[in-house]
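One structure is given below, encoded as structure tokens.
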Amino acid sequence: MKTQQIYNYIKGLNAPSIVISNLGSYTSDINRQVSDNLRGQIMQHLPESSLAYKICMTASSFSDKQLWVISFELIKNADFCALVTKFYAEINQKETIKKAQSDAKIAANKANSQSVLDTIKANGKKLGDFYEFVKNTKQFQREFYSKKFSMESANAFLSI
């Protein structure tokens, strides 16, 4: 378990404030509630005789040094380390699944658009020029990013 991961996890103790120009800033009730829930969760894993526990009990907002004191105390607790490891593993798993789905969708779009690309090649045009045309034409711009090319864009390119 990395201390930096625990530090990043407990940064939520400082509820984010919303700044309203010259009027000042405020913390929403939801952000305050999330911060309080995290404080309760953290305090369950801290020994009551530790400085980190005292900091959690008394402070309403935490400096970087106070957060580091708390994180160094928490790294000694195997249960909390397992909790943080599980939290970051779930985030990484979701990101991996999302990226794999995105890559699969783009690959499927490319496979479905292969006949369009073959048509352009058969007419002696370069695919790079076609991609540039699609990217720079507002009507077909979405096709460039989704890799889902249509015969309409190919015919427009070939008629130039």
What full-extension length gain, to one decimal in nm, is calculated for residue 83 and residue 121 as 0.36 nm per residue of separation minus the Cα-Cα distance? 8.2 nm
Sum up the charges of everything whose Cβ sits under 14 Å from the Cβ of residue 80, counting Lys and Arg as +1 and Asp and Glu as -1, but leave residue 80 out. +2
First select every other residue whose beta carbon is under 14 angstrom from the beta carbon of residue 118; then total the charges, Lys and Arg +1, Asp and Glu -1. +4
For Rg/Rh (Cα atoms, Kirkwood Rh), one of (1) 1.60; (2) 0.96; (3) 1.30 was computed from the structure I shared and the rest are decoys. Which label? (3)
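Starting from the Cα-Cα distance between residue 57 and residue 155, subtract it from 0.36 nm times their residue separation and give me the gain in nm to one decimal.
Length difference between fully extended and current span is 28.3 nm.
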Hydropathy first: keep DSSP H helices in the chain averaging at least -0.5 on Kyte-Doolittle, then drop any whose Cα extent along the axis falls short of 24 Å, and list what survives. 78-112
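Using per-residue counts of other Cβ atoms within 10 Å, averaged over each peptide, order 4-13, 27-36, 47-56 from highest down.
Highest-to-lowest ranking by the protection proxy: 4-13, 47-56, 27-36.
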For the chain, what is the relative contact order in percent, using Cα pairs closer than 8 Å and at least 6 residues apart in sequence? 18
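Read the figures in this text as sums done on the coordinates, not as results from a lab. Just so it is clear, the structure is predicted and the values come from calculations on it, not from any experiment. Please note: Cβ atoms are built from the backbone with ideal geometry, for glycine as well, and neighbour counts cover all protein chains shown.
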